[in-house]
Amino acid sequence: MEAEGPRMVENAVLIVSELASNAVRHSRSGRKGGWFLVIVVLDDDRVRIEVIDEGGYDRPQLLAVNDWEEEGGRGLLLMATCAKDWGVKERTHGRSVWAELARAGA
C-alpha cells in the first residue's frame, strides 16, 4: 500500500504500536527488566520499521480466517494490511519483526 503525508504517518504509528505491544505481550521482553528496540529507516522509496525483542515461544503469524473468534491476533493482520511487506527474523538473542511501507511514487 502506498501512502504519503498524514496517512503514511498514521500507518507507521499503527505498525510501531502493534509490533511494540506484541513484543511486550508475546515475548520475553514483557518480563521485569525486559527490553525491545524500535528501528525506523526512511529511504527514498520506503519506510522500514523493525522491532527487535527478546524472543518468545511462538513465532508471530497471521490469524487464519477460521480463527476470528479467538481473542487477539487481529493486530498483526491489520499491520500486514497497511504494510507493503513484512516478516519475522529469528536472531541469536531474540527475534526481529519488520514491516515496510512504500512511499507514494516509489
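Any idea how many residues of the stretch 79-97 are in contact (Cβ under 8 Å) with a residue 60 or more places away in the chain, crowded, with 17+ Cβ neighbours inside 10 Å and either under 14 Å from the mean Cα position of the chain (by Cα) or more than 17 Å from VAL38 (Cβ to Cβ) (or both)?
Final tally of qualifying residues: 6.
Please specify each residue of the stretch 53-70 satisfying the condition of being modelled with pLDDT of 90 or more and not in a loop (DSSP other than H, G, I, E, B).
Going through the stretch 53-70, the residues modelled with pLDDT of 90 or more turn out to be 53-55.
Listed by number, the list holds a single entry, ASP53.
Of everything in the stretch 71-106, what is among the small types (Gly, Ala, Ser), at pLDDT below 90 and within 16 Å of ALA23 (Cβ to Cβ)? Give them in sequence order.
If the condition is that a residue be among the small types (Gly, Ala, Ser), at pLDDT below 90 and within 16 Å of ALA23 (Cβ to Cβ), then GLY72, GLY73, GLY75 are the ones that fit.
Please specify each residue of the stretch 30-52 satisfying the condition of being under 16 Å from HIS93 (Cα atoms), of a type outside the set (A, V, I, L, M, F, W, C) and either in a strand (DSSP E or B) or in contact (Cβ under 8 Å) with a residue 40 or more places away in the chain (or both).
Initial filter on the stretch 30-52 (under 16 Å from HIS93 (Cα atoms)): 30-31, 33-38, 50-52.
So of that shortlist, the ones also of a type outside the set (A, V, I, L, M, F, W, C) come out as 30-31, 33-34, 50.
Residue satisfying the conditions is GLU50 alone.
Of the residues that sit in the stretch 25-51 and are of a type in the set (A, V, I, L, M) and crowded, with 16+ Cβ neighbours inside 10 Å, which one is farthest from LEU62 (Cα to Cα)?
It comes out as VAL47.
The values are calculated or read from the model by the stated rules, or taken from the named source; none is laboratory data. Note that the structure is predicted; figures quoted are calculated from it, not measured. Virtual Cβ from ideal backbone geometry, glycine too; neighbours counted across all protein chains shown.
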